[in-house]
Amino acid sequence: MFKIIKRQEMAGGTIILNEIAAPRIARKARPGQFVILKANETGERIPLTMADFNPRQGTITVIYAVVGRSTSLFSQLQEGDSYQDVVGPLGRPTRLERMGTVVCIGGGTGVAVLYPIARGLKLLGNRVISIIGAREKELLILEDEMRAISDDLLVCTDGGSYGQQGLVTDLLAQVLQEERPDLVVAIGPVPMMRAVSEMTRPCNIKTLVSLNPIMIDGTGMCGGCRVSVGGEIRFACVDGPEFDGHQVDFDELMQRLQAYRAEERQSLECESQSLEIHRCKMEPQIVSAAR
Amino acid sequence: METAPKHREKKPRVSMPEQEPDQRAGNFQEVPLGYTAEMAVEEASRCLQCKKEPCVSGCPVGVDIPGFVRCIRSGEFGPAIQKIWATNSLPAVCGRVCPQEIQCEGRCVLGKKGEPLAIGHLERFAADFARDACISCDAAPVRSTGKKVAVVGSGPAGLTVAGDLIAKGHQVTVFEALHKTGGVLAYGIPEFRLPKDIVAHEVAQLERMGVRFECNMVIGVTLTLDELFEEGYDAVFLGVGAGLPRFMDIPGETLIGVMSANEYLSRANLMKAYRFPEYDTPIPRGRNVAVIGGGNVATDAARSALRLGADRVSIVYRRSRQEMPARAEEIRHAEEEGVELHLLTNPVRFLGDDDGRLVGMECLKMTLGEPDSSGRRRPVPEEGSEFVIECDLVVVAVGSGANPLLTRSTGDLKLNRWGYIEADPETGKTNLEGVWAGGDIVTGSATVILAMGAGRKAADSIQKYLTEKG
Ligand SMILES: Cc1cc2nc3c(=O)[nH]c(=O)nc-3n(C[C@H](O)[C@H](O)[C@H](O)COP(=O)(O)OP(=O)(O)OC[C@H]3O[C@@H](n4cnc5c(N)ncnc54)[C@H](O)[C@@H]3O)c2cc1C
Ligand SMILES: Cc1cc2nc3c(=O)[nH]c(=O)nc-3n(C[C@H](O)[C@H](O)[C@H](O)COP(=O)(O)OP(=O)(O)OC[C@H]3O[C@@H](n4cnc5c(N)ncnc54)[C@H](O)[C@@H]3O)c2cc1C
Ligand code: SF4
Ligand code: SF4
Ligand code: FES
């Protein structure tokens, strides 16, 4: 069992932070790596990147968006509750090097994945320009944390409710007019990572993206996480999750993420129904216990 | 058959009751229902008690077949299971999944003129009897040696090593990467063939004997091999299996609807997706399903697909029926349930629609040519024989390879050119001091009983090493 030490709601409860006791994983974790969590017996195995880790206290931190059945199940776990299973650290760590100027771009919950990488790059002495964005101000996360480890932080929202109006790619375009960064790291929704990669391709700026295909085991056993990179099939869980954005077949990834759309919908409907059923099942038990 | 009275040979083999095909194709419960005590005694009485024991030489771990059958014949079911346990710690599993027709039963003299003794069925009977009667192995308790052994992987190889060494008084911890123990027995072989309760029972038995199980531990990642020694383990056994899916390397393999058997069966068995949405993990319920391959993995996937509600399921295999490596019983069961066989057929590409979803598979007809290195006749494509099988789900079950996750973190561990660990076939010793290996990670995909046999040899060698080390 893996206990939740701290739980925090962000972005109006649509994004949740969990700090979890997992000493063995915390000791090994490196930026860019992920864990797979399972809440209970009937739960799915869900991959989440470690947004932080503390080897001394033996904890890891994940930050996730509540998007479907499993993440809403996770969001019901309170401080003191436990995940039944957490395994990791999985995937290859980011190759952190001193390169010069680095632009770190995060969209939505991607900022959580980006944060330890950007921090690592900063610690190595790189000049870090960060661009973070969200649909609206409420959904923006880790702004202060990102500012603390960036030489420059640019913020945007789709509607302009906060920071500049526009997409992270608009801000990247502005940066590219004045700079030629040595590396771009882009983590967020697939369309965003694709758009960034398309922008940096013509000027041949090395671009790292972090892919999030559907996974099961996370150890290279099932092949469900396969992605096409440079015309070759790679397993994101063991060969990635970071890849050269100029080589990734993003269209295929987007399609493959839709594989279980119908089931996901069914699952969510069940989720709301089962809340009702649970209540019905509970009552007679409470009655009999009271007797 | 020296002294055996003639009339015994005439008795037909007692067949095991099974769920009817049309009923069972709609559920995940076990298909063969097991012998009653009367049936077991009757079948056991067919045994000729041959002095030369040809059947025993067909069993990779040398189960005392005439001995345990004799006990069953005289109604002594408790002693029967003790006789089996002396060489085989997982009889409830082996009785169900061993390819008996090429092992013990393949050598039985009764098979020359009629049907061989149903050794697998009897072994299963004895084991199930013991489980129901709560009989456990009556090994004498031993003094603790203070030595620590780490077993990596909880498949049949690892479970055997753990059982053998805990009985010798060592402290044994099994590390498992997944959240559940049992290896392929848990994530690969379906419920209708090997109920998961049985696997859980075997593991619980080991726990009772003192074995510790730690799940969610990917050795090589969460802890390295070196760190196991730093934590004070005196010996390490690597039984990590052959967990790397093989694909066809043909166009269209990333379409939605094409998946490895490992993924399909893990979703179904490990994650219990057949009980979706009660369990949260989904599985594609194909309407037209094609499974590529001819082994147990292929028949398991095909029969699972039927149970998940497919309208049509076919197995596509490039050689002929004779070469299919699946257990005879599995092929029979699959056919009875309505799985179609497309033999001498090989896929050349997958066809998809605009959303990247699979709609069909283009295949070529094959003929059998000269024997290849495996001794089987090589399939040769017939020119111009292309045709399309319509399907919305393809499960690729063409074998598996060595998963490099552990081995690549252990640079000095000697591997062969396919990435399998090199280990002495007699002792399981690797090139590293204090490290043994066995099962599928050494031999490539094989069988449960061979993995257990390798575990037994390694356990013997580890025992010798720990004793000599003092
Ligand atoms: C290596 C890796 C690291 C990840 N790290 C994080 C992280 O740090 N924070 C975070 O919020 N999310 C992360 N994800 C994504 C996260 O795993 C999914 O959001 C989650 O699996 C959705 O589960 P669900 O049951 O709640 O939703 P579902 O019901 O499964 O799906 C709801 C919606 O999410 C989409 N979806 C399903 N699976 C994924 C997926 N794997 N990735 C993206 N979208 C998906 C579906 O298409 C659907 O629209 C990561 C994914 C991977 C593979
Ligand atoms: C679908 C299917 C059907 C089969 N049917 C039959 C049959 O009918 N009869 C038969 O005899 N054989 C059958 N087999 C083959 C048989 O199951 C295998 O040969 C046998 O299980 C091999 O045992 P093993 O102990 O070597 O490995 P496995 O059973 O593969 O177990 C290895 C375990 O190690 C774990 N592991 C891997 N890497 C690590 C790591 N780094 N750290 C910790 N743990 C790790 C894995 O998660 C797994 O649990 C079948 C196989 C499959 C896939
Ligand atoms: S272990 Fe397998 S091969 Fe040996 S006797 Fe039992 S069923 Fe036959
Ligand atoms: S099982 Fe067959 S070979 Fe073995 S002793 Fe009995 S009759 Fe003889
Ligand atoms: S998640 Fe199974 S191989 Fe990557």
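The values are calculated or read from the model by the stated rules, or taken from the named source; none is laboratory data. Note that the coordinates shown come from a computational prediction; the quantities given were computed from them, not determined experimentally. Every residue, glycine as well, gets a Cβ built from its backbone with ideal geometry; the counts of neighbours run over all protein chains shown. When the accessible area is computed, the model is the full protein with side chains, heavy atoms only, and any ligands, DNA or RNA have been set aside. Shrake-Rupley method; radii C 1.70, N 1.55, O 1.52, S 1.80 Å.
Would you call residue A:205 among the β-branched types (Val, Ile, Thr) and either within 16 Å of ligand 2 (Cβ to nearest atom) or assigned to a loop (DSSP other than H, G, I, E, B) (or both)? Yes; evaluated as a whole, the condition is true for this residue.
Out of the residues in segment B:222-234 meeting the condition of being open to solvent by less than 30 Å² (accessible area, probe 1.4 Å) and either among the aromatic types (Phe, Trp, Tyr) or within 11 Å of another protein chain (Cβ to nearest Cβ) (or both), tell me which one is farthest from residue B:401 (Cα to Cα). The extreme case among them is B:233. Just wondering, is there one or more residues in segment B:235-242 that are over 30 Å from residue B:462 (Cβ atoms) and either open to solvent by 10 Å² or more (accessible area, probe 1.4 Å) or touching a Pro at 6+ places or on another chain (Cβ under 9 Å) (or both)? Among the residues of segment B:235-242, not one is over 30 Å from residue B:462 (Cβ atoms) and either open to solvent by 10 Å² or more (accessible area, probe 1.4 Å) or touching a Pro at 6+ places or on another chain (Cβ under 9 Å) (or both), which makes the answer no. Answer yes or no: is there a residue in segment B:115-122 that is under 22 Å from residue B:212 (Cα atoms) and either at pLDDT below 95 or not charged (D, E, K, R) (or both). No; the residues of segment B:115-122 include none that is under 22 Å from residue B:212 (Cα atoms) and either at pLDDT below 95 or not charged (D, E, K, R) (or both). Considering only residues in segment B:259-274 that are at pLDDT 95 or above and more than 8 Å from chain A (Cβ to nearest Cβ), the one that is farthest from residue B:353 (Cα to Cα) turns out to be B:265. Just checking, how many residues over segment B:433-454 are open to solvent by 40 Å² or more (accessible area, probe 1.4 Å) and either without any contact (Cβ under 8 Å) to a residue 24 or more places away in the chain or under 11 Å from residue B:61 (Cα atoms) (or both)? Count: 4. Return the residues of segment A:214-233 that are open to solvent by 10 Å² or more (accessible area, probe 1.4 Å) and closer than 27 Å to residue A:167 by Cβ; say none if nothing qualifies. Selection gives A:214, A:228, A:229, A:230. When A:236, A:259 are screened for being away from ligand 2 (no atom under 16 Å from the Cβ) and either open to solvent by 20 Å² or more (accessible area, probe 1.4 Å) or basic (Lys, Arg) (or both), only A:259 passes. Looking at segment B:24-36, which of its residues are modelled with pLDDT of 90 or more and open to solvent by 40 Å² or more (accessible area, probe 1.4 Å)? B:29, B:33, B:36 - these are the residues of segment B:24-36 that are modelled with pLDDT of 90 or more and open to solvent by 40 Å² or more (accessible area, probe 1.4 Å). Only one of the numbered conditions (1) under 26 Å from residue B:213 (Cα atoms); (2) within 16 Å of ligand 2 (Cβ to nearest atom) is not met by residue B:147, and that is (2).
If the condition is being touching a strand residue (DSSP E or B) at 6+ places or on another chain (Cβ under 7 Å) and more than 10 Å from chain B (Cβ to nearest Cβ), then segment A:222-243 contributes A:229, A:234, A:236, A:240, A:241, A:242, A:243. Restricting attention to segment A:67-78, does a residue exist that is part of a strand (DSSP E or B), charged (D, E, K, R) and buried (at least 21 other Cβ atoms within 10 Å of the Cβ)? Scanning segment A:67-78, I find no residue that is part of a strand (DSSP E or B), charged (D, E, K, R) and buried (at least 21 other Cβ atoms within 10 Å of the Cβ), so the answer is no.
Within segment A:244-260, the set of residues being part of a helix (DSSP H, G or I) and either among the β-branched types (Val, Ile, Thr) or at the interface with another protein chain (Cβ under 10 Å from one of its Cβ atoms) (or both) comprises A:251, A:252, A:253, A:254, A:255, A:256, A:257. Consider segment B:182-220 and keep the residues that are in a loop (DSSP other than H, G, I, E, B) and open to solvent by 30 Å² or more (accessible area, probe 1.4 Å). The one that is nearest to ligand 1 (Cβ to nearest atom) is B:215. Note on segment A:33-45: among residues that are closer than 22 Å to residue A:142 by Cα and surrounded by 24 or more Cβ atoms within 10 Å (Cβ to Cβ), the one that is farthest from the chain's Cα centre (by Cα) is A:35.
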